[in-house]
1. Tell me which residues, restricted to segment 71-83, are touching a Ser or Thr at 6+ places or on another chain (Cβ under 9 Å) and either surrounded by fewer than 15 Cβ atoms within 10 Å (Cβ to Cβ) or in a loop (DSSP other than H, G, I, E, B) (or both).
2. Here is a list of conditions, (1) modelled with pLDDT under 95; (2) in contact with a strand residue (DSSP E or B) (Cβ under 7 Å, 6 or more places away or on another chain), and Thr12 meets all of them except one; can you say which number that is?
3. For segment 13-45, which residues satisfy the criterion of being surrounded by fewer than 19 Cβ atoms within 10 Å (Cβ to Cβ) and of a type in the set (Ser, Thr, Tyr)?
4. For segment 46-70, give me each residue that is of a type in the set (Lys, Arg) and outside any loop (DSSP other than H, G, I, E, B).
5. I'm trying to understand the selection: among the residues of segment 62-83, which are β-branched (Val, Ile, Thr), more than 17 Å from Ser14 (Cα to Cα) and touching a Leu at 6+ places or on another chain (Cβ under 7 Å)?
Amino acid sequence: MPDRLSGKYGSTDSGILFNFTASDSADLANNTRALIVGVAGNVKLTDPEGNTDTFALPAGVIPIRAQRIWSTGTTATGLVGVK
């Protein structure tokens, strides 16, 4: 999937929220520019370059690019993507 933010670093538009279901086998419909975390916990994700790792994230808006949020290894809840 092409990354719609490629070459647009520093963009000031606020983004659009989207819901998703974490999955171990499917990428998000859109890459994120940020992730809203309702309840703190671990989030396992794959970034647009294919790197996968697990992060302990606090509740709030986290500026992070992700193309997949994994269900296995993700304990944070109330996740919403910002595209």
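The values are calculated or read from the model by the stated rules, or taken from the named source; none is laboratory data. Worth saying up front: this structure is predicted, and the values here are computed from it rather than measured. Ideal geometry is used to build each Cβ from the backbone, glycine not excepted, and the neighbour counts take in all protein chains shown.
1. Going through segment 71-83, the residues touching a Ser or Thr at 6+ places or on another chain (Cβ under 9 Å) turn out to be 71, 73-74, 81-83.
Residues satisfying the conditions are Ser71, Gly73, Thr74, Lys83.
2. Going through the list (1) modelled with pLDDT under 95; (2) in contact with a strand residue (DSSP E or B) (Cβ under 7 Å, 6 or more places away or on another chain), Thr12 breaks only (2).
3. Answer for segment 13-45, where residues must be surrounded by fewer than 19 Cβ atoms within 10 Å (Cβ to Cβ) and of a type in the set (Ser, Thr, Tyr): Ser14, Thr21, Ser23, Ser25.
4. Passing the criteria: only Arg68.
5. Going residue by residue through segment 62-83, those that are β-branched (Val, Ile, Thr) are 62, 64, 69, 72, 74-75, 77, 80, 82.
Retained after the next criterion (residues that are more than 17 Å from Ser14 (Cα to Cα)): 69, 72, 74-75, 77.
Matches in segment 62-83: Ile69 only.
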